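The values are calculated or read from the model by the stated rules, or taken from the named source; none is laboratory data. Fair warning: this is a prediction, and the values are worked out from it, not measured in the lab. Glycine also receives a Cβ, built like all others from the backbone with ideal geometry; neighbour counts cover every protein chain displayed. Quick note on the areas: whole protein, heavy atoms, side chains included, nothing else; ligands and nucleic acids left out. Shrake-Rupley method; radii C 1.70, N 1.55, O 1.52, S 1.80 Å.
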Amino acid sequence: MIITIDGKQCEAQYGEYILDVARRNNIFIPTLCHSDALPGQGNCRLCIVEVLEGKRRRVVVSCSYPVKGEVEVLTNTEKIRKMRKNLIRLLAAAAPDSDFMRDLQREYGLEEEERFQVYRGEDCILCGLCVRACEEVGIYAISTVNRGITKKVSTPYAEPSAVCIGCGACARVCPTGSIKMKEENGRREIWGKTFALLPCPGCGKPFITREELAYVQAKTGLEPAEILCEKCRQKRAARKMRDVFKDVTMK
Amino acid sequence: MLMFKRKPVKTVLVCCGTGCLANNSRAIYEGLKKRIEESGARASIRPVTKATGCNGLCERGPIVKIQPDDIFYCGVKATDVDEIFERSVLNDEIITRLLYLDSSTGERVKSHRDTEFYKRQHKIALRNIGEIDPASIDDYIERDGYRALEKVLTTMSPQEVIDEIEKSGLRGRGGAGFPTGVKWKQCARVDVFPKYVVCNGDEGDPGAFMDRSIMEGDPHSVIEGMLICAYAIGAERGFIYIRDEYALALKNMAAALEEARKRGFLGRNILQKGMNFDIEIVRGGGAFVCGESTALMASIEGRVGEPRVKYIRSVERGLWDKPTVLNNVETWANVPVIINRGAQWFRSIGSEGSPGTKVFSLVGKVKNTGLIEVPMGITLREIIFSIGGGIPRDREFKAVQTGGPSGGCIPKELLDLPVDFDSLTESGSMMGSGGMIVMDETTCMVEVARYYLQFLAEESCGKCVPCREGIKQMLGILEDICAGRGREGDIELLLDIGATLQEAALCGLGKTAPNPVLSTIRYFREEYREHIQNKYCPAGVCKELTVFYIDQEACRGCGLCAQKCPLGAISGERRRTYTIDETKCIKCGQCRDTCRFGAVKNRGRRHDNNH
Ligand SMILES: Cc1cc2nc3c(=O)[nH]c(=O)nc-3n(C[C@H](O)[C@H](O)[C@H](O)COP(=O)(O)O)c2cc1C
Ligand code: SF4
């Protein structure tokens, strides 16, 4: 079916999310808690748009609103811009120490906050991506704890997690760099737990924790010798590619 | 055929609800029971759960009722047992001393039905509360219980049941007022099985106890309502979600389910009509947000009780992604009556857009407090001044807060507002689950807004940004205003952030959270301005903005205030005048509450400069 986004006709499947349709059509809708691998959380509400359906006009979050009819979508009305600005202002006060939020603040023409309570020292925006990432890995080492204004991300009882494998998926997905992962002298420190790193069979650089290695082995059935660091993996992929294309290019 | 008319058997009902039990009603029950049994009198006795204040008379408990004469004794003591037995059980005498004193008329009335408090009420959802022993399924059956179930199973098709409920115009009593029949119809249409029926007994509003009363006092009415829906949509499993603190509700509901199973109303091949349905109880963890439908279902599934994005409705994908009908306790309790008496009858009660009745818990600054069930469309004035008996101590009515923590405050200009779903929403408040808190002139509306936001800040699940961060900042600003740190532009900022919450929050909690603020700004903006610009709290509640003094003209020198002041801050001479030492005063307001001449006044901080 065809839906209209900001006046542009876009082809959409039944049940597809508006955000996905918009992105495919190069229409930009800002997001914070969305990642292509972990979509549809609907926490940050930055991706709000207005949907016109018959006589009804309402505000929905585009990352979770499925296309069910030939609706008209407006992503950048004055109302939406105003609310987005408020959301960013609220988040910037909650996580003023994140460069990410400071950039957004500037981008939306917001001045230095002077009325809201600003929580100095905080850089987590509680987007929830880290928790989702950990769940996706299947480990469940971290979760959000407490509710309301005291909510935060933590390991159980804020103690080093027994199940954490130190893979760092949470830190990688964090948009504000709030999750601290330190790597030094062949050791990795995350969530108050220190892991020894094992060397890459390809280049010899320490890159993986013993726990994660065991996890990857169990999941993929690969031998330890086949489990390489990111760089070596890319190199190997490129080499394979060359082998495949060799004959073609020689002709 | 009986050749002669026998003297009717007396039934003695002793209230054993939470409130009356605290006043030793168990001893009264045991005492009367012993006397009746020993004497072999033609009388029966049963304990009833007239849950806290359900007749608004709880503060006058323990309550003993004698049928069939409907004699209503309150404030009964264990020492009254003998007299009650001799005079009112064995004989037909009335003990005037124990009758209820109607505060509106100053007269003693024989039956609670004759009181102003009761006369304007209309009991449908609460029809059996206090009339039956919740532990007795026979009591329930005697009062038409399970007749509606029998009726639908023997004479109605599922479609006819849905049509009847839809025609009745019944709207959900849990808050949003969604048409119940439409919900059932939408669920029945989905061709996916299994389907589920859920009862929302979370009742998270602090101070609300309508659903608890029903679950404690008439559990079978909820079960029967759910059975009728299960038949209509083709469900075989149901869940009743009850908050963990509701110990008596949990106990009575579990016992009722067991009884219903024994009698063949639940289980397999119900009433030999081939229907299968059973119900499990799920204990709720207690967070306010768990009452929200998607959070509640997550909680039943064993996940964290957080709301989820709801663009696909529960009637299509609810519990375990299966079609689900979820209704509130009070909604369920209405269903059997509608089936028995018909949609037409139900529509004749209440208003056009909101047929039927609604149970409210009337509390705060009113003379009669407690649970009331009134026809929709009744005015706030009737509820507060006729049923509630008006404001104590002849103070002035200021506002009534309806709809629970995220409801709004309605001012005296709107006292003639008919109470129904739509008019309450239009007024900037809402029906919610039926909380109604009356406030008098000594209430500060900014402080009220701050109080509710504080509650919501703690109860928001914290998942989405507008709710978590928006409530936090709105609360901060309100705290500032109450502490004399309010700034120019605060009112506009509160309105702006509030509007964002209303539209952008994920669930109903965040969307309605600004109501306490927006409604008080709408009706009491001047009070906000006084706080912000003049650093003055007109109600004398915000301590930083209150300075009490004694008006020397008005003071008669009675000295009561000086006696009451816990800090000895008031001095003076009897029959002359008194003064308050501001350096000692902690602004507790005791002196103002005591003074019969209105001589204690508040001048706020605004005059500090020229003092
Ligand atoms: C924050 C929040 C709390 C709620 N709490 C309750 C509750 O305690 N009991 C209830 O019946 N409904 C509650 N609701 C409303 C439910 O989501 C749902 O609309 C209702 O139970 C549906 O039943 P009904 O149509 O019979 O009213 C709450 C809603 C929100 C947003
Ligand atoms: S609106 Fe509040 S309670 Fe509802 S999902 Fe968002 S944070 Fe949670």
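Using only Cα atoms, locate the centre of region B:526-593 and the centre of region A:169-242, then give the distance between them in Å, rounded to an integer. When both Cα centres are located, 70 Å separates them. The angle separating the long axis of helix B:515-533 from the principal Cα axis of greatest extent in chain B is about 10 degrees. Short-range pairs are left out: with C-alpha atoms under 8 Å and at least six residues apart, the relative contact order of chain A is 11 percent. Spin-label pair B:T577-B:E352: with each label point 7 Å from Cα along the Cα-Cβ axis, the two points sit 5.9 nm from one another.
With 40 Å² as the minimum drop in accessible area between chain alone and full protein complex (1.4 Å probe), the qualifying residues in region A:133-151 are A:R147, A:G148, A:I149, A:K151.
Interface burial in region B:477-507, defined as at least 10 Å² less accessible area with all protein chains than with the chain alone at a 1.4 Å probe, covers B:I477, B:D480, B:R487, B:D490, B:L493, B:D496, B:I497, B:T500, B:E503, B:A504, B:L506. Rolling a 1.4 Å probe over the protein heavy atoms of region B:445-533, with every protein chain left in place, gives an accessible area that is 48 percent carbon and sulfur. Between the Cα long axis of helix B:445-459 and the first principal axis of chain B there is an angle of about 50°, rounded to the nearest 10. Taking amide H as placed 1.01 Å from N in the peptide plane, the amide H of B:G286 sits under 5 Å from that of B:D244, each at least 5 places away or on another chain. Surface composition of chain A: carbon plus sulfur atoms hold 51% of the accessible area, using a 1.4 angstrom probe and ignoring ligands, DNA and RNA.
B:G106 sits among other residues whose Cβ lies under 14 Å from its own Cβ, and their net charge, with Lys and Arg +1 and Asp and Glu -1, is -2. Relative contact order of region B:357-440: 37 percent, from C-alpha pairs under 8 Å at least 6 residues apart in sequence.
To the nearest 10, the accessible area of A:M101 is 0 Å² with a 1.4 Å probe.
Amide H contacts for B:G435 (H built 1.01 Å from N in the peptide plane; partners 5 or more residues away or on another chain; cut-off under 5 Å): B:S361, B:G403, B:G404. Look at the Cα gyration tensor of region B:222-263: its axes a ≥ b ≥ c give a/c of at least 1.5 with a/b at or below b/c, and that counts as oblate. Of all aspartates and glutamates in the structure, those lying under 19 Å Cα to Cα from B:K262, and not within fewer than 8 positions of it along the same chain, are B:D133, B:D138, B:D139, B:E142, B:D144, B:E150, B:D218, B:E224, B:E236, B:D278, B:E280.
So, in Å, what gap is there between the alpha-carbon centers of region B:456-518 and region B:80-94? Taking the Cα centre of region B:80-94 as reference, the centre of region B:456-518 is 59 Å away.
Model label points for B:E38 and B:C588, set 7 angstrom from Cα along the Cα-to-Cβ axis, are 4.8 nm apart. Ranking of B:Y311, B:Y146 by solvent-accessible surface, largest first: B:Y311, B:Y146 (1.4 Å probe, protein heavy atoms only, all chains present). Only Cα pairs under 8 Å and 6+ residues apart enter the sum, and on that basis the relative contact order of region B:137-347 stands at 31 percent. Across region B:338-351, rounded Karplus estimates of 3J(HN,Hα) from the backbone phi angles (6.51 cos²θ - 1.76 cosθ + 1.60, θ = phi - 60°) give 4, 5, 5, 9, x, 4, 4, 4, 4, 5, 6, 9, x, 10 Hz, Gly and Pro being marked x. Note on exposure: A:E50, B:E396, B:E306, B:E426 ranked by accessible area (1.4 Å probe, complete protein assembly) read B:E426, B:E396, B:E306, A:E50, with the most exposed listed first. Remark: accessible area buried at the A-B interface is about 3100 Å², both chains counted, probe radius 1.4 Å. Here the Karplus relation 6.51 cos²θ - 1.76 cosθ + 1.60, evaluated at θ = phi - 60°, turns the backbone of region B:487-495 into coupling constants of 10, 4, x, 5, 4, 5, 5, 4, 5 Hz, with x for every Gly and Pro. Taking every DSSP bridge with both residues inside the protein assembly as shown, close to 70 percent are antiparallel. Taking a ≥ b ≥ c as the square roots of the eigenvalues of the Cα gyration tensor, chain B is oblate, since a/c reaches 1.5 or more and a/b is not larger than b/c. 3J(HN,Hα) along region B:279-294, derived from phi through the Karplus expression 6.51 cos²θ - 1.76 cosθ + 1.60 where θ = phi - 60°, amounts to 10, 10, 9, 10, 8, x, x, x, 5, 4, 5, 5, x, 5, 4, 6 Hz, with x in place of Gly and Pro. Rounded, prolate or oblate: pick one for region B:137-347, where a ≥ b ≥ c are the square roots of the eigenvalues of its C-alpha gyration tensor, a/c under 1.5 means rounded, and failing that, prolate if a/b is larger than b/c, else oblate. Rounded, because the longest to shortest axis ratio a/c is under 1.5. Rolling a 1.4 Å probe over the protein chains gives B:V9 an accessible area of about 70 Å².
Ordered by 1.4 Å accessible area with all protein chains kept, B:E236, A:E113, B:E479 run largest first as B:E236, B:E479, A:E113.
A 1.4 Å probe run over the protein chains yields, for region B:547-602, 61 Å² of accessible area per residue, whole-number rounding.
Per residue and in Å³, how big is the convex hull formed by the alpha-carbon atoms of region B:62-106?
Working: hull volume 3.4 nm³, N = 45.
Spread over its residues, the Cα hull of region B:62-106 gives 75 Å³ apiece.
Whenever you get a sec, compute what percent of the accessible area on region B:137-347 sits on carbon and sulfur atoms (1.4 Å probe). Show your work: numbers first, answer last.
Values: 3640 of 7710 Å².
About 47 percent, which is the carbon plus sulfur part of the accessible surface.
Entry comment: accessible area of region B:122-201 is 39 Å² per residue, from protein heavy atoms only and a probe of 1.4 Å. To the nearest 10 degrees, how steeply does helix B:219-233 sit against the main Cα axis of chain B, on a 0 to 90 scale? For helix B:219-233, the angle is close to 70 degrees.
How many Å² of accessible area per residue for chain A, probe 1.4 Å? List each step's numbers first, then the result.
Numbers: 14050 Å² over 251 residues.
That works out to 56 Å² per residue.
Distance from the Cα centroid of region B:142-205 to that of region A:30-103 is 36 Å (rounded to whole angstrom).
Taking all protein chains as shown and a probe of 1.4 angstrom, A:T144 keeps an accessible surface of around 50 Å².
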